[in-house]
Amino acid sequence: MARSANRREPEAPPALCATALARRLGVVLLIAAPGPAAAQVTGAGAPEATRTVWRCTAGGTVSLATAPEPGSRCTAISFDADAAKLPDLWQVPGAQRGVLYEYRREDGSTWLSTRKLDGGVRVLAFSVPAPPDSPAHRGRADPGPPRWDVFAGEFAAAARASGVDEAWLRAVAQVESGFDAQAVSPKGAMGVMQLMPETAAMFEVTDPFDPNQSILAGALHLRELQRRWPGDLARIAAAYNAGAPAVEQYDGVPPYAETQAYVETVLGLHARYRERRR
């Protein structure tokens, strides 16, 4: 039974939350991190051969639900309930924190989601750390605080021309180059947006070290990736770093330490940019 939405739930260890919620609601706990212990939490009833969880994206954030969320772009993930290890349901590196909500349909049936929507009843708060062996723990250096002052005109113009949110564009640029227009990576990426030669050519960049050309091309490239994965910032960032084919191959953030750390850093910085809009 759902608890009162007005009652504040204390934080509890993820394993305890998983066991308690699964037994009471008869579902696989959506917030469990991949691992053997999580895979054993399959509900109060008889074991089922297959479970399905919906990974949903909206507004640049990822949620997990037991049914498709209204207004979100959702993909079903099915897995063996008796498997030794759950799949990576979140497909986003790093720790996950939030609240699990219960929703009731007109016929009286219920479903769960980690996204707050109208009519949701708060079940509990959760905090799931990244697995100890996660590549995200190897992270990148702190990119520093958001900087709205650097190349202000260039970023504003590129955001308008491409339709890409300037906060997102700046977060990517800051992690890529630290806004260094002359930056060159060991792999040959150049300029503010660290364009590879083939990407620069694709967007007709004649001088990759020109901030105006680099930022506009980077914005147009991000727009293409956003059209491919609408609202899924984790996959968009991963594709910018590792290439779209790698994201397609792994159906999510590739298991590369560099890319996983990159995605976590960009998403974290983007959140800070959104909090400190000009």
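The values are calculated or read from the model by the stated rules, or taken from the named source; none is laboratory data. Only a predicted model underlies this, so the values are computations on that prediction, with no experimental measurement involved. Cβ atoms come from the backbone with ideal geometry, glycine included; neighbour counts cover every protein chain shown.
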Wholly within region 174-260, which helices (runs of 4 or more DSSP H) include no fewer than the required count, namely at least 3 residues that are crowded, with 22+ Cβ neighbours inside 10 Å?
211-228, 233-242
Only one of Arg272, Arg277 is modelled with pLDDT under 90 and either farther than 24 Å from Arg73 by Cα or surrounded by 16 or more Cβ atoms within 10 Å (Cβ to Cβ) (or both); which?
Arg277
Please state which one of Leu233, Leu216 is out of contact with any Asp or Glu (no Cβ under 7 Å at 6 or more places or on another chain) and at pLDDT 95 or above.
Leu216
Residues being within 19 Å of Ala271 (Cβ to Cβ) and either charged (D, E, K, R) or out of contact with any strand residue (DSSP E or B) (no Cβ under 7 Å at 6 or more places or on another chain) (or both): count how many of those fall in region 59-72.
3
